[in-house]
Amino acid sequence: MASRRSDEPDHDPAGAGHHHLAGQTHSEDAGPIAEAELVAAQMRSDEHPLGARGLRFERGSPFYVGLVASAGVAVTYGAVRVLGSISSVLVLIGVAFFFALSLEPAASWLFNRGLPRWAAVIVVVVLTFTLLAGSIAAAIPPIAEQAREFIEQAPHYLQQVQDHSSVIGRLNDRFQLQKRITDAMNSSGSPAVAGLVKAGSAVFGALADLGIVVVLTVYFLADLPRVRATLYRFAPRSRRPRVILLGDEIFAKVGAYVLGNVMTSVIAGVATSVWCIIFDVPYPLLLGAFVAIVDLVPYGSTVAGFVVAGVALTVSIPVSIATIAFYIVFRWFEDYLLVPRVIGRVVKVPGVVTVVAVLIGAELLGIVGALVAIPVAAALQLLIQELLLPALDEA
């Protein structure tokens, strides 16, 4: 075996600076690189296997300032373009993270009582899906039956619209409801088959997005401690303890808001079903489920109340008027009793801030924006109270 010359660079993967799976330099032109690899090998240590950090650039040099400024403009422009092109994906990620934060209090409660993190996540996910599946399985048969009855009664309702002596007929004559609905349907200008295809595509897309949100929620919940630690690593070391206190408070507000919002929505749905049963308004379970879903969005029960009142017109005008009055009273009950007790104790957002936040959120992101508006407003209010106002007081 030929002996190695004393002036030949050492290409042993165990001692050189390059990785043993990376390309190795063996040509004569690689002299400077081979020398740098020897220095890199000497920089390795158990504490810093990839070497210690080097000296910082001189930030005051004109070259450094110009390079950073131009790179900042380019990066900002590219980031805006990229964020705009993937905005729909970012919304799904944000919703999934939002739901993961809402389930985190339950997982933390189980973890604090001795259950391993993975087991706590499995229990929370299984219980959540079991509850949702059980509720859907229990509600589908009666809702499907009532939906079938509604379809069967649709010709009768159309006949009432055309009957000028009926309540619905008189309302149609006064407000031209049938004409408005027909014009709205014809204004799209698309054939029925194309409309059905478009509706099917929308439903398929919604189901696909829902599946993505569910999977991401499970992943976020399982790895939330690591995600939390990674987010806090972006804060400077001197400010990190303060950031942790503020961040954990915001996370707790999000979880409390979502759980409280679900509770108030269930109460709204049950109250609607009970009201419809008492006054013989048709499809009580279907309307109750509709109100519960719409009430997940702030002030959604107000909009849903007019729909229920419209269905109550099939019974009588007094029942419809009483239904509107019922939702006015229920709105007051929800705003001033339910929300302050269930949500207000943790979120602590004034009513005017809630209204403004929901309006802005709905304008920016639609239903998703309205859903996350209140916890976002609570987070901004906390940051203003803890950071901005004290700084202004000291200025």
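Each value in this text was obtained by applying a stated rule to the coordinates, not by laboratory testing. Remember, predicted model here, so these are calculated numbers, not experimental data. Cβ atoms come from the backbone with ideal geometry, glycine included; neighbour counts cover every protein chain shown.
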What nm value, rounded to one decimal, do you get for the distance between R81 and V329 when each label is placed 7 Å out toward the C-beta? 6.1 nm
Order by neighbour count: V368, V356, fewest other Cβ atoms within 10 Å first, most last. V356, V368
What is the P(r) of region 289-395, as percent of Cα-Cα pairs per 10 Å bin from 0? 14, 35, 29, 14, 5, 2, 0
Per-residue Cβ contact counts at 10 Å, fewest first, order D335, D393, D295 as D393, D335, D295
Taking amide H positions as placed in the peptide plane 1.01 Å from N, state which residues far from G51 in sequence (5 or more) or on other chains have amide H under 5 Å from it. S45
Grab the Cα-Cα distance for E35 and L359, subtract it from 0.36 nm times how many residues apart they are, and report the gain in nm with one decimal. 110.2 nm
Net length gained if the chain between A322 and R240 were fully extended (0.36 nm per residue, minus Cα distance): 24.0 nm
Checked against the positive end of the charge dipole of region 292-395 (+1 on Cβ of Lys and Arg, -1 on Cβ of Asp and Glu, about the Cα centre), the farthest of A325, P375, G300 is A325
Extended-chain gain in nm, criterion 0.36 nm per residue less alpha-carbon gap, A119 and L389: 93.0 nm
Cα-projected label distance for L231 with L207, points at 7 Å along beta-carbon direction, nm: 3.3 nm
Neighbouring Cβ atoms within 10 Å as the yardstick, rank E249, E394, E334 fewest first. E394, E249, E334
Which FRET efficiency, nearest 0.05, do T302 and D248 yield, Cβ-Cβ r, R0 45 Å? 0.85
